[in-house]
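Okay, structure first, notes after.
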Amino acid sequence: MPTPSKSLSEPPNNSHQTKVLKCAILSRILLLLLTLLWRTLLTPYDTSAPLNPPCLNHPSPSLSPRPLSPSLASVIQNGVVWDSVYFVRIAQCGYEYEQSYAFLPLLPACIFILSRTVFAPLVWLIGDRAVLAFSGYVVSNVAFILAAIYFYRLSVIVLKDPNVALRASVLFCFNPASIFYSSIYSESLYALFSVGGLYYLQSNADNIALFWLALSGLARSNGVLNAGYYGFKTMHQAYDAAFLRKRSFLALQILLSGALRSICIFVPFITFQAFGYYNICLGRSSDEMRPWCKEKIPLLYNYIQSHYWGVGFLRYFQVKQLPNFLLASPILSLAVCSIIYYVKSRPEIVSSLGFQASAEEKSCIAMISSSEKPQISNSSKISKKYASTRQENHNLKLRKKMSQGADPAECIIDHGSSENLGYTSACILPFILHLSFMVVTAFFVMHVQVATRFLSASPSLYWFASLLMTSPSISRRWGYIIWAYCFSYILLGSLLFSNFYPFT
């Protein structure tokens, strides 16, 4: 994988990166131990995990030798539950059934490659399917650890405060959807390529960012939404060229380039839909064709979600689904509060989509809106030496205003210094817009309990949570509530999910 270059705006702190790395590894070990503990103490609700019928394309495979360690193989295969069954099956047999096309191919491809190369010698010890499952665990956990590192680096660039970035990154390492990042699910790969792609986009490494964000759309379908970041960047660059620099031709070039880059992020997902159409629809008579094959836009993914899982606008709004709405309420509440807080704090930024940002804040969104890489002056370099001192003075002023009875919502923002804005910076706006769309989709369209893991890779959630936990104008109890929520869902998730009980 490419080695991340240091940002022009704020170099990552190596000691902080080491702490994030340790937290990411520690959190994965914790999830592994909890999963083994619950599997040992409790009987799974569904005991069909070890079942593995022959592949349809090889109905009579040659008998493979019995593994030397069947007990170890059983321990590994018992963790293949829920969607993990599909991912392992696709890696082993390919796309056999229509509903299996709901699971995008990046994770199965990685599993297949590792099981046939690096871990191929283990087949004699634990058997073919256990090797596939083990490969899946390695991919997911390694991808998560890398995602945590990129999360910290992205946070440093956007928030311009390594300490806040560290707190947000540690929170990401112990996020409430942690069980899925340690299982054979696509969340880890999506988080890696989504967060990593945004890091490179903020670092002006556009080509690398494009490749990574396109891969995120090959891991999970919501990866295509990352095209919106390019749309936001293109919009500001075109405005800058057309109205501020009076260069219409350059603005047209920027618009065409941005449109092509956005399309490129959709290409992997569209290609996979074409692959499904080729396998299921082509060469069949009209009577044999599936209903979606006859549509003007034959989109297989939407049909599968609607037909097999009942996904659709307001289709989940049923009385019997109230427990699932309750299960998703913490993450949705946190997300909605983060959006409302930002909108109330910076209404002029939100209503103008960032075009009314002050001249001082233009340096904050330079990585987003400028078509040229910003240069750092000597004075700005010198001023960074005093950033921590100014922040301490800023916090003291906040406490003084609070003691005089000032409104906390007004005290928390000091528009006089853009470097201290942090979560309320104009840089956060595209992340807020992205999160808003995902929240609306999760609540009104999807199975709402999936919101916990669907929103878990959104950086602005952890940035806002870090603000709640450390701001002098907000009660410290929110920090305890957030940590209690994360660890309770880690315990609950590892208990229910690993034993084939429904979770999120």
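The values are calculated or read from the model by the stated rules, or taken from the named source; none is laboratory data. Keep in mind that what you see is a predicted model, and the values were worked out from it rather than measured. All Cβ positions, even for glycine, are placed from backbone atoms using ideal geometry, and neighbour counts span all protein chains on display. Each accessible area value is taken on the protein alone, full model and side chains, heavy atoms only, with ligands, DNA and RNA left out. Shrake-Rupley method; radii C 1.70, N 1.55, O 1.52, S 1.80 Å.
Values computed for the structure shown
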read-out	value
Along principal axes, Cα extents of region 108-236, largest first, whole Å	56, 30, 21
Potential extension, Asp46-Phe249 segment - 0.36 nm per residue separation minus Cα distance	66.8 nm
Percent accessible area from carbon and sulfur atoms, region 424-504, protein chains only, probe 1.4 Å	74
Accessible area, probe 1.4 Å, largest first, for residues Thr35, Thr47, Thr470	Thr47, Thr470, Thr35
For region 413-504, accessible area per residue (1.4 Å probe, heavy atoms of protein chains only), Å²	34
Segment Ser15-Leu299, extension gain: residue separation times 0.36 nm, minus the distance between their alpha carbons	97.5 nm
Net lengthening on full extension, Phe275/Leu36 (0.36 nm per residue, minus Cα-Cα)	82.2 nm
With every protein chain in place, region 152-235: carbon and sulfur % of accessible area (1.4 Å)	64
Under the Karplus curve 6.51 cos²θ - 1.76 cosθ + 1.60, θ = phi - 60°, whole-Hz ³J(HN,Hα) for region 114-121, x wherever Gly or Pro sits	5, 5, 9, 10, 4, 9, 4, x
Virtual spin-label span in nm between Trp483 and Glu348, 7 Å along Cα→Cβ	3.8
Distance between region 227-262 and region 141-208 - C-alpha centres, whole angstrom	27
Computed E for Met289/Arg66 - FRET, C-beta separation, R0 60 angstrom, nearest 0.05	0.85
Positive minus negative residues near Ser188 (Lys, Arg vs Asp, Glu; Cβ under 12 Å)	+2
Sites Leu282 and Leu125 - FRET efficiency at Förster radius 41 Å, r taken between beta-carbons, to 0.05	0.45
Amide hydrogen neighbours beyond the local backbone of Tyr501, cut-off 5 Å, H modeled	Tyr45
Cα shape, region 67-126, gyration tensor, a/c 1.5 rule	oblate
Ser257 paired with Ser329, simple spin-label distance in nm, labels 7 Å along Cα-to-beta-carbon	4.9
Accessible solvent surface per residue of region 71-191, calculated while the other protein chains remain in place, 1.4 angstrom probe, Å²	28
Inter-label distance, nm, simple model (7 Å from Cα along the C-beta direction), Tyr97/Cys55	1.7
Accessible solvent surface per residue of region 233-344, calculated while the other protein chains remain in place, 1.4 angstrom probe, Å²	62
Rounded if a/c under 1.5, otherwise prolate or oblate - region 223-299, Cα gyration tensor axes	prolate
Region 428-504: equivalent-ellipsoid semi-axes (sqrt of 5 x gyration tensor eigenvalues, Cα, Å)	24, 20, 8
